[in-house]
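S.K.: Handing you this structure, nothing more for now.
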Amino acid sequence: MNTIMRGRQSIWLALPLLLSLLFSCKKDKEEAKPTASSPTITALNPTTGTVGTSVTITGANFSTSPASNTVKFNGTAATVTTATATQLTTSVPQGATSGAVTVTVNNQTATGSSFTVTAPTATAPTITSISPTSGPAGTSVTITGTNFSTTAANNTVTINDLAASVSSASATSLVVTVPQGATTGTVKVSVAGQTVTGPTFTVTAPLPPTITSINPTSGVAGTTVTITGTNFSTTAASNTVKFNGTIATVTAVTSTQLTVKVPAKAGDGALTVTVGSNTATGPNFDYLESVTVSTLAGSTKGFSNNPGNAQFNYPYDVAVDAAGNLYVADQDNYSIRKITSTGQVSTLASTTSTNTRPAGVTADKDGNVYVADYKNHRILKITSTGTVTTLAGSGVAGGANGTGTAAQFNKPSGIAVDKDGNVYVADYDNHRIRKITPAGVVSTLAGSSYGFADGTGNTARFYAPAGITVDASGNLYVADQYNHRIRKIVVE
């Protein structure tokens, strides 16, 4: 009986220990299970290669930050250059031997297939030196070594894994340009699938450009100018050249010389070169205007719209619309003629009445044409389709303000229209400047009887104002004929 009791007591004493062991084993099994975010490796490409070979690792749950992925070739750490959640790019590190490739992310490691590290062949490229070893983007670097391809395009050169253009190549020397956006890092050369890693190139801040001379120092638009200096970009688009603030086209570049074309309408002023955020100011360039006179339309006196042989009779004034069409007050043909930018002449409006004598002409932003009918003392409006109406004026000489035909003019000569559609008239024999709103309401803006006086409104005096124009700010300019002056009217 005592024996049985002692046996039962032993079982009860051992039971907690057994349960503890079972729970511990279960926990160990649970901890051994990979979490949902554990990295996995499904493929390597390639699976063999020399030191420096670029290898793509495909899988899942990698970090998108290259530095957060630890890649090893048979225990030797490699540098990750690019990373996505499913793909890593790395290179076989120095000292690596054949064996499994592993990826560790957040202390969780995935083991992939084996990578075979092969010995370089006798024709593998080597790098013995680079010169210079530092400089800004655009610097020309000479790489000295062996077994380079003599065909420039067959050598792939990178600086901290950013491709650099190869400008010349021999079996023992490559000349490359440090690319824009490059950062400090090792120089690598790949030839026929074999990659060698060379010294580190230090990318420095760009040096400001300088201009020592320009040749020639004067010329017309289109003149080729050579700019000599230092620290220009060897990429044409990275140099901004301006003549007196007007951008020029860069046609050829080296780090010490730019070839550009003088832009049209540049004007006299300093030449500047901007590279990055740095600007150099050089000598002044003397812009020579090139003036070419040609006949757009017209031949002998007469009336004809024939292409190449159009005729006018005492054309008095011209205006241009927003589309580049010209309008002509053809006085002794009693017509308003239209000329397209290609020189095609047509008649927009015409009359056989000898009482009509178009003097001033202007066009608004909508293509409507306004005519000062000097002899009929009226202001006419002509639509783009040729419909003629009287905007203002009774047809009888006078000076009355009013609306439409209730108003009067006396030999209106010059005419202009502002951006809001207000029409301004140089009322020649009334010695006044008149304003007509788009609704046809006529008022006297300035002037009274003839004479000369500056002042406001009707205290100012003109003597036969003939021409008038308006600028973008609404200021008016008047040719005051018998006062032999140019007058300015500020409308506020």
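The values are calculated or read from the model by the stated rules, or taken from the named source; none is laboratory data. Predicted, not measured: the structure shown is a model, and the values here were computed from it. All Cβ positions, even for glycine, are placed from backbone atoms using ideal geometry, and neighbour counts span all protein chains on display. Only protein heavy atoms, including side chains, enter the accessible area calculation; ligands, DNA and RNA are left aside. Shrake-Rupley method; radii C 1.70, N 1.55, O 1.52, S 1.80 Å.
S.K.: Which of the following residues is farther than 24 Å from VAL203 by Cβ, open to solvent by 60 Å² or more (accessible area, probe 1.4 Å) and either outside any strand (DSSP E or B) or modelled with pLDDT under 95 (or both): THR97, THR109?
M.R.: None of the other options fit; the residue is THR97.
S.K.: Need pairs with beta-carbon distance below 7 Å; first residue without any contact (Cβ under 8 Å) to a residue 24 or more places away in the chain and within segment 229-247, second in a strand (DSSP E or B); sequence gap 6+ or separate chains.
M.R.: ALA236/VAL250; ALA236/VAL253; ILE247/THR240
S.K.: Being in a loop (DSSP other than H, G, I, E, B), out of contact with any Phe, Trp or Tyr (no Cβ under 6 Å at 6 or more places or on another chain), modelled with pLDDT under 95 and of a type outside the set (Ser, Thr, Tyr) is the requirement here; does ALA122 meet it?
M.R.: For ALA122, the condition - in a loop (DSSP other than H, G, I, E, B), out of contact with any Phe, Trp or Tyr (no Cβ under 6 Å at 6 or more places or on another chain), modelled with pLDDT under 95 and of a type outside the set (Ser, Thr, Tyr) - is met.
S.K.: Also, quick follow-up: For segment 197-307, please list each of the strands (runs of 3 or more DSSP E) lying entirely inside it that holds at least 3 residues being closer than 23 Å to ALA182 by Cα.
M.R.: 269-275
S.K.: Could you please find all residues in segment 462-477 being without any contact (Cβ under 8 Å) to a residue 60 or more places away in the chain and not aromatic (Phe, Trp, Tyr)?
M.R.: Hits for segment 462-477 are ALA464, PRO465, ALA466, THR469, VAL470, ASP471, ALA472, SER473, GLY474, ASN475.
S.K.: Now a separate question. Among the listed residues VAL51, VAL71, VAL103, which satisfies the condition of being crowded, with 17+ Cβ neighbours inside 10 Å, closer than 26 Å to PRO199 by Cβ, modelled with pLDDT of 95 or more and within 45 Å of the chain's Cα centre (by Cα)?
M.R.: VAL71
S.K.: Now for a separate question. Every residue in segment 165-190 that is over 15 Å from PRO132 (Cα atoms), in a strand (DSSP E or B) and without any contact (Cβ under 8 Å) to a residue 60 or more places away in the chain, please.
M.R.: Answer for segment 165-190, where residues must be over 15 Å from PRO132 (Cα atoms), in a strand (DSSP E or B) and without any contact (Cβ under 8 Å) to a residue 60 or more places away in the chain: SER165, VAL166, SER167, SER168, ALA169.
S.K.: Would you confirm whether or not segment 75-84 contains a residue that is part of a strand (DSSP E or B), modelled with pLDDT under 95, more than 19 Å from GLY198 (Cα to Cα) and not hydrophobic (A, V, I, L, M, F, W, C)?
M.R.: yes
S.K.: Within the bounds of segment 206-224, is there any residue that is touching a residue at least 12 places away in the same chain (Cβ under 8 Å), of a type in the set (Gly, Ala, Ser) and closer than 16 Å to ILE130 by Cα?
M.R.: No, every residue in segment 206-224 fails to be touching a residue at least 12 places away in the same chain (Cβ under 8 Å), of a type in the set (Gly, Ala, Ser) and closer than 16 Å to ILE130 by Cα.
S.K.: Is at least one residue of segment 318-331 among the charged types (D, E, K, R) and either at pLDDT 95 or above or open to solvent by 50 Å² or more (accessible area, probe 1.4 Å) (or both)?
M.R.: No, because not a single residue in segment 318-331 is among the charged types (D, E, K, R) and either at pLDDT 95 or above or open to solvent by 50 Å² or more (accessible area, probe 1.4 Å) (or both).
S.K.: May I pose another question? Quick one: would you say LEU380 is closer than 25 Å to LEU326 by Cβ and either over 42 Å from the mean Cα position of the chain (by Cα) or among the basic types (Lys, Arg) (or both)?
M.R.: Considered against the rule, which asks whether it is closer than 25 Å to LEU326 by Cβ and either over 42 Å from the mean Cα position of the chain (by Cα) or among the basic types (Lys, Arg) (or both), LEU380 comes out as yes.
S.K.: Turning to a different aspect of this structure: Take the conditions closer than 20 Å to GLN194 by Cβ and open to solvent by 30 Å² or more (accessible area, probe 1.4 Å) and apply them to THR172. Does it pass?
M.R.: In short, yes.
S.K.: Which of the residues that make up segment 246-297 are within 12 Å of SER218 (Cα to Cα), buried (at least 19 other Cβ atoms within 10 Å of the Cβ) and among the small types (Gly, Ala, Ser)?
M.R.: If the condition is that a residue be within 12 Å of SER218 (Cα to Cα), buried (at least 19 other Cβ atoms within 10 Å of the Cβ) and among the small types (Gly, Ala, Ser), then ALA266 is the only one that fits.
S.K.: Which members of segment 332-373 meet the condition of being β-branched (Val, Ile, Thr), open to solvent by 40 Å² or more (accessible area, probe 1.4 Å) and touching a Pro at 6+ places or on another chain (Cβ under 9 Å)?
M.R.: Passing the criteria: none in range.
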